[in-house]
1. Scan (1) among the aromatic types (F, W, Y); (2) within 16 Å of E117 (Cβ to Cβ); (3) in contact with a helix residue (DSSP H, G or I) (Cβ under 7 Å, 6 or more places away or on another chain) for the single condition W222 breaks and write down its number.
2. Would you call R121 among the basic types (K, R), without any contact (Cβ under 8 Å) to a residue 60 or more places away in the chain, assigned to a strand (DSSP E or B) and closer than 25 Å to L246 by Cα?
3. Having 1 or more residues that are crowded, with 22+ Cβ neighbours inside 10 Å and not β-branched (V, I, T) is the bar; report the strands (runs of 3 or more DSSP E) wholly within the stretch 130-223 that clear it.
4. Output the number of residues of the stretch 225-253 satisfying the condition of being in a loop (DSSP other than H, G, I, E, B) and at pLDDT below 80.
5. Report whether or not G74 is over 30 Å from R209 (Cβ atoms) and either modelled with pLDDT of 85 or more or not polar (S, T, N, Q) (or both).
6. From the list R99, R89, which residue is surrounded by 10 or more Cβ atoms within 10 Å (Cβ to Cβ), assigned to a helix (DSSP H, G or I) and modelled with pLDDT of 80 or more?
7. Give the stretch 192-211 a look and list any residue that's on the phi < 0 side of the Ramachandran plot and in contact (Cβ under 8 Å) with a residue 40 or more places away in the chain, or say none.
Amino acid sequence: MPFTVEEFRDLVSVLKEKPEWREELRRLVLTDELLSLPEHIARLRSETAQHFQELAIQVSQLAEAQRRTEERMGRLEETVAQLAEAQRRTTDQVSELVRAMHTLSNDVGGLKGESLENRYRAKAYAYFGPLLRRAHALSQDELADLLEEAIESSTLSAAEAQEVALADVVVHGKRRADGEEVYLVVEVSWGVGHKDVTRAVRRAALFARTGVTTIPVVAGQWVTADAARLARADKVWQLSDGRAVLPESGATL
């Protein structure tokens with residue numbers, strides 16, 4: 001028998017008046033799954049809220065960890081900056097030490113050279129005796145007299161005479177090989193180098209223009225290989241550690 005609209009309306013009216021019937025009808029009409037849906041939704045809401053709470057805690061923990069990391073990075077950057085500054089100061093100090101050592105080395109070298117120069121001048125006969133008879137180191141006054149005569153005769157200019165006067169030692173005597181009167185123009189250095197040979201040649205050539213026979217000489221504790229080759233090529237006598245080397249033969253006296 002068909003269920004009419006009027007009967008449906010009567011049913012709805014009754015269900016409104018009888019709430020307990022609505023619950024019974026709901027159990028008859030809906031499936032167990034649908035009936036349990038509100039419970040599932042409530043449980044899902046509870047679980048979702050709990051997950052959100054846990055996520056919020058994790059996000060807070062991550063934010064705190066990030067803050068601590070940033071603090072550590074800040075301290076690390078500060079430490080790196082301090083290390084860089086310390087390194088810069090150390091580099092500056094090392095550079096200053098190198099400059100000081102270089103200056104000290106030059107000063108010591110200069111003092112050694114000056115001491116050696118005085119020794120060659122004071123003991124001219126001992127050092128130059130194997131080369132010259134009656135070897136005598138000219139005093140500044142003796143050399144000045146010769147150079148002043150050269151300036152007065154226009155043989156040398158004042159600048160050229162000054163260049164000769166800068167020679168470390170000038171030794172007068174007679175060459176043992178042939179008895180000729182000569183002047184040794186000597187450049188003294190603790191370690192004889194290329195420039196010492198060049199100066200000796202230049203100053204000896206200038207002094208020779210006064211009409212005397214000159215021989216360029218370099219003297220020191222040791223002579224570099226380049227300086228020794230140049231000395232042989234330019235006919236420069238070498239005195240090394242008290243021994244004389246003649247360029248003509250290379251023999252040691």
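1. (3)
2. no
3. Qualifying strands (runs of 3 or more DSSP E): 132-137, 181-188, 214-220.
4. Selection size over the stretch 225-253: 9.
5. In short, yes.
6. Matching residue, one of R99, R89: R89.
7. V192, R203, L206, F207, R209, T210
The values are calculated or read from the model by the stated rules, or taken from the named source; none is laboratory data. What you are looking at is a predicted structure, and each value in this text was computed from that prediction instead of being measured. Neighbour counts are summed over all protein chains in view; Cβ atoms, including those assigned to glycine, are modelled from backbone coordinates with ideal geometry.
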